[in-house]
Every structure is written in C-alpha cells, then in structure tokens.
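Each remark here refers to the structure printed beneath this line.
The values are calculated or read from the model by the stated rules, or taken from the named source; none is laboratory data. Just so you know, these numbers come straight off a predicted model, no measurement behind them. Every residue, glycine as well, gets a Cβ built from its backbone with ideal geometry; the counts of neighbours run over all protein chains shown.
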Amino acid sequence: MTQGKTGTELAEPPKKPVTVSINGNAYRADEGECLLTVAERVKIPIPHFCFEQSLEPYGACRLCMVGVVHHGKTVMETACTLRAKEGLTILTDTPDIVKYRTILFELYLAEAPKSAVVKEMAARYGVTKTRFLRRVDTGDPLGGACVLCGLCVRVCNEIMGAGAINFINRGPYTVVNTPFTEPSRDCFGCGACAAICPTHAVRIEDRDGVRILHSWSETKVPLSQCVSCGKYFAPAALEKSVLSRIEPPLRDDLAGLCPACRAKKLAKKEILAATGGDPGDA
C-alpha cells in the first residue's frame with residue numbers, strides 16, 4: 001500500500017534569499033520574486049497600472065520600466081516581469097527612464113483625459129500636460145478613464161472564467177466592452193472588473209434587485225434576495241456558480257440566506273448546542 005506524504009514532504013521548499021541592488025542600495029529578496037514587489041516593499045516608488053499579484057505579470061502598461069545594469073551596459077525592462085536573482089542591479093530614475101516615463105504619462109493623459117487617478121499619478125512625476133491629442137468621447141461607457149491596461153479583461157477571463165468582456169477594435173480605436181457591444185449573457189455580475197480597475201473606470205449600480213453594469217453595454221444581472229431579511233445580497237448567477245462548487249454542499253437550511261443571516265443562524269445553532277438547547281430550533 002502506498003503511504004501518504006508527510007507534512008514535511010508536502011511543504012514547499014524554502015525560498016532562496018538573494019541580494020539585489022536598487023539605485024545603489026542593497027536589498028534582500030527571494031530568488032524569483034517580482035522586482036516590482038521588492039521595490040514596493042522597500043518603499044521605492046515605481047509607477048504602474050497593469051500589475052496585480054493575483055495575475056501573471058505581462059508588462060502591458062510599460063510604466064514600470066527600469067534600467068537593468070549588466071556588464072556596464074544599461075537596458076530597459078519592465079519591473080513587473082523582472083525576477084530577482086543574485087547580483088541583479090537596477091536603476092529606477094535614469095535620464096532615459098525619466099524621459100520614457102514622461103512620454104508615457106503624456107500618452108495616458110491623452111488616452112484617459114477624465115481619469116483623476118492618471119492625473120494625480122502623472123503629477124507626482126512632474127507631468128501635468130500632454131502634447132498629444134486628447135481623446136474625448138462623451139458616449140464612452142468607461143467615462144474617459146480607461147488606460148487599456150487589460151486587468152478587467154484578464155480577471156474576467158483568467159480568474160472568473162466568464163469571458164464577458166474583451167478588447168474590441170484595433171489601434172487608436174481599441175476599447176474594452178462586451179462582444180458586439182451588446183448586453184452579456186455570460187457576465188456573473190461579480191464586480192471583479194470594477195474592483196481591479198486601477199483608474200476606477202468601471203461603473204456598476206445595484207437597483208431594484210438588479211445589478212446594472214453600465215460600462216458593459218448596460219448588462220443586467222438579477223440579484224439574489226435573502227429569504228430571511230429580504231435584502232438583495234449577491235448576483236444570482238454568481239451565487240449559483242459558487243454554490244455548485246462547494247464541497248461538502250451548503251446545508252439546505254442555509255441556502256437562500258445572505259451572509260449576515262447565515263452567520264446569525266450558525267451562531268444561534270452553536271449557542272443552543274453549547275447551552276443544552278435543541279440546535280434544530282435555530
């Protein structure tokens with residue numbers, strides 16, 4: 001009979017510590033750690049839009065570009081895709097990096113002229129104006145605040161598995177929306193797209209038992225109503241998807257309850273059990 005693995009065998013191997021140099025100072029890091037997270041941990045600011053730790057880095061926004069020094073030469077790479085290794089040496093504010101970053105901020109100011117986040121971030125790096133033509137579309141469902149970082153698309157596809165939104169068109173006409181800009185039948189209404197958006201461009205509203213995703217072609221997703229308190233608490237499609245994957249399944253007496261009422265019922269059941277009452281009365 002094959003014996004099961006012990007806790008020691010199942011544990012991940014310890015991460016190898018390495019030393020990296022940032023702007024002439026040495027810092028400790030784990031080998032293979034994302035350089036952007038190393039910089040954030042030691043309070044060295046590197047601007048970025050498209051990085052999210054729950055997703056694989058892919059360097060779309062290009063704002064986190066740093067200079068990597070190798071054999072006396074410096075080349076630019078994105079900090080989010082750069083991995084820590086022994087002896088890695090980077091510079092974050094060389095004249096070339098500053099020039100590159102300035103142009104990018106000007107482009108983003110033109111791309112998202114209504115975004116307060118973009119304006120505030122650009123101003124921190126000394127960029128308050130853009131020489132590029134501003135895109136002003138009064139009918140833009142993302143309110144002129146989208147920088148096309150792709151995080152909303154990626155979280156919808158890679159984490160939620162819904163695929164309700166994607167990039168549409170090409171070049172300067174590229175936008176994010178639902179296929180054919182029609183209300184989506186695949187949207188869970190989870191709101192992950194709004195939560196992950198770095199510029200707060202995604203607009204969602206809960207009204208009269210329906211979640212309305214204004215940014216995604218006015219997609220409407222019904223909300224589940226608590227059978228106890230009557231409050232709407234979650235998109236019905238999302239609740240169904242989550243409950244179908246819970247093992248063991250949620251007890252029947254807890255189904256249809258909002259989290260608050262569910263917690264009250266469980267607490268009452270525990271109290272009755274501890275005081276000699278009948279848990280079935282909960």
Quick test for you: out of Thr92, Thr81, Thr37, pick the one residue that is surrounded by 13 or more Cβ atoms within 10 Å (Cβ to Cβ), touching a strand residue (DSSP E or B) at 6+ places or on another chain (Cβ under 6 Å) and at pLDDT 95 or above. Thr92
Selection status of Arg101, more than 30 Å from Glu31 (Cβ to Cβ) and more than 21 Å from the chain's Cα centre (by Cα): no
Looking at Glu77, Glu56, which one is within 14 Å of Leu151 (Cβ to Cβ) and among the acidic types (Asp, Glu)? Glu56
Identify, from the list Ala263, Ala237, the residue that is under 30 Å from Cys197 (Cβ atoms), assigned by TED's automatic domain parsing to the domain that holds Cys193 and small (Gly, Ala, Ser). Ala237
Across (1) at negative phi; (2) surrounded by 15 or more Cβ atoms within 10 Å (Cβ to Cβ); (3) within 21 Å of the chain's Cα centre (by Cα), Gly191 clears everything bar (1)
Given the criterion surrounded by 13 or more Cβ atoms within 10 Å (Cβ to Cβ) and more than 23 Å from Pro141 (Cβ to Cβ), identify the matching residue among Lys220, Lys231, Lys269. Lys269
